[in-house]
Amino acid sequence: MADNSYDIIVLGSGPGGYVAAIRCAQLGMKTAIVERENLGGICLNWGCIPTKALLRSAEILHYAQHASDYGLKIAGTIEADLEAVVKRSRGVAKQLSGGIAHLMKKNKITVHMGEGTLTGPTSLTVKGEKGEEKLTAKHVIVATGARARNLPFAPADGKRIWTYRHAMVPPEMPKKLLVIGSGAIGIEFASFYNDMGCDVTVVEMLDRIVPVEDHEVSAFLEKSLTKQGMTIMTGAGVEALEVTGKGVTAKIKDKAGKVHANEYTHCITAIGIMPNTENIGLDKLVEMDRGFIQIDPYGRTKSKGLWAIGDCTPGPWLAHKASHEGVTAAEAIAQELGNKDVHPHPLNRDAIPGCTYCHPQIASVGMTEAKAKEAGREVKVGVFPFIGNGKAIALGEAEGFTKTVFDAKTGELLGAHMVGAEVTEMIQGYTIGMTLETTEAELMNTVFPHPTISESMHEAVLGAYGRALHI
Ligand SMILES: Cc1cc2nc3c(=O)[nH]c(=O)nc-3n(C[C@H](O)[C@H](O)[C@H](O)COP(=O)(O)OP(=O)(O)OC[C@H]3O[C@@H](n4cnc5c(N)ncnc54)[C@H](O)[C@@H]3O)c2cc1C
């Protein structure tokens, strides 16, 4: 009979769970992971990675359509083959999920495929193809993630009303698409379908799109997406959705209080997520707030031996946040088990970068200008437009800017906000700076390579102190 007792069992194999399992194994713990669907979780199978594969196809289509801007002629028509685009995206997801299976094997982590339910803080049952297995451990990490939140009056049917899962594998190309919600997920799908030639409307209840971002980023993105042909309705609410023979009719109350009945062929609801914390034996073991498991900075719940990480805990709900929490919890557990060589670092919540891969991209870290002022900080702000950056112009990507927010008294970098080409690859420069508690002086004295769009990062710092060179 299999020995099903472990040092650690991780429930859920997303970027929180599988990273936690690898770190536990690296620290010498006998580790198991339980997964009911696909190794890699939402991120690899239905989230971060397959969306980026879709967006890459849309980006290449966009460049091909604008080939003449670069002095190129492409003979014949350029069009998207939706089935092939989706097939490529699914292939990328499958490749990466297979990569996680390899990593589990390499790190000698036992994989139990099936639905896990806790029977106590450190024991669970797994119902899978092999029937029911009972597992025990010294510690259990819950990393069960989250799923799309449905509109209460119009749950997704997969035909006309989609969540991100349906939008990722569309049976047909929507002609006229309504996207409800303008957070990262809503805006990425809006951008993808818009670039693919669909007529897209985005409805956002708050007064601006991507509302967690800096006001200037929201305004710039709205202008850019509108220029690309999208209809953006802010301060507006969808009050009813009715599925008809041809699509959906949406009753939308606009900013002025006027109700419109608009027809769309499809609708994507992107109004947030729900944690996967029901019916898995957690109720008496943990404190929850709206379903999210409450944890200390290391991932401990109120039950000894039971830990939680990632999207089933308070946000931000991002893959890199889940992975960081996974490493922290693994190291804190190792310490509890007597390892004196590990020094777990709780997440610095003030320096978690966020990226949205729409077109143009947006990326940010730390406080917005408004949040810094709300927190009572006196600020110095620098904004540098890409039109002043040689590389951006050479690439034909002069649309965008970099903005920095500093504490006027201490020079502490409080936040950075970027919109434009490649910004999702660049924001990490500022994130490292914040982790090292950098000030304006070090950033000004850093040499940035030329020609790169990253020079705009330098210029935005110089600009905050009246020293920008190319504007
Ligand atoms: C469309 C989309 C795009 C996204 N893009 C980005 C992005 O670009 N960057 C970014 O940082 N984040 C992005 N995210 C968010 C990111 O996917 C999540 O933050 C991340 O996946 C959370 O990781 P996790 O390990 O907490 O949970 P998940 O990835 O949700 O994994 C949880 C796993 O647990 C399993 N599970 C749940 N319950 C049980 C059970 N009872 N028994 C067994 N297994 C169980 C699930 O099957 C799942 O595999 C995106 C999300 C979506 C939906």
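The values are calculated or read from the model by the stated rules, or taken from the named source; none is laboratory data. Please read all numbers here as calculations on a predicted model, not as lab measurements. Methodologically, a virtual Cβ is constructed for each residue, glycine included, from the backbone with ideal geometry; neighbour enumeration extends over all protein chains shown.
Quick rundown of the values:
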read-out: Qualifying residue in the range 62-75 (condition: in the same structural domain as K105 (by TED's automatic domain parsing), among the charged types (D, E, K, R) and more than 16 Å from the ligand (Cβ to nearest atom)); value: yes
read-out: Neighbours by Cβ (under 7 Å, 6+ apart or cross-chain): first from the range 149-166, acidic (D, E); second surrounded by fewer than 19 Cβ atoms within 10 Å (Cβ to Cβ); value: D157/V243
read-out: Test for G390: is it more than 20 Å from Y465 (Cα to Cα), in contact (Cβ under 8 Å) with a residue 12 or more places away in the chain and within 21 Å of the chain's Cα centre (by Cα); value: no
read-out: Residues being of a type outside the set (K, R), out of contact with any Gly (no Cβ under 8 Å at 6 or more places or on another chain) and assigned to a helix (DSSP H, G or I) - total across the range 54-84; value: 16
read-out: Of all residues in the range 152-172 being under 25 Å from I60 (Cβ atoms) and at pLDDT 95 or above, the one that is surrounded by the most Cβ atoms within 10 Å (Cβ to Cβ); value: A167
read-out: Segments classed as helices (runs of 4 or more DSSP H), wholly inside the range 153-258, with at least 1 members that are in contact with a Leu (Cβ under 9 Å, 6 or more places away or on another chain); value: 164-168, 184-195
read-out: Checklist (1) surrounded by 22 or more Cβ atoms within 10 Å (Cβ to Cβ); (2) part of a helix (DSSP H, G or I) applied to V140, failing item; value: (2)
read-out: Close pairs (7 angstrom Cβ cut-off, 6 or more residues apart or separate chains): touching a residue at least 12 places away in the same chain (Cβ under 8 Å) in the range 19-41, among the aromatic types (F, W, Y) and assigned to a helix (DSSP H, G or I) anywhere; value: I33/Y18; L39/Y18; G40/Y18
read-out: The range 34-61: number of residues that are in contact with a Cys (Cβ under 9 Å, 6 or more places away or on another chain) and within 7 Å of the ligand (Cβ to nearest atom); value: 1
read-out: Matching residues in the range 14-38 - criterion: being assigned to a loop (DSSP other than H, G, I, E, B) and either surrounded by fewer than 24 Cβ atoms within 10 Å (Cβ to Cβ) or among the acidic types (D, E) (or both); value: L27, G28, M29, K30, R36, E37, N38
read-out: Condition check for K87: in contact (Cβ under 8 Å) with a residue 12 or more places away in the chain and surrounded by fewer than 16 Cβ atoms within 10 Å (Cβ to Cβ); value: no
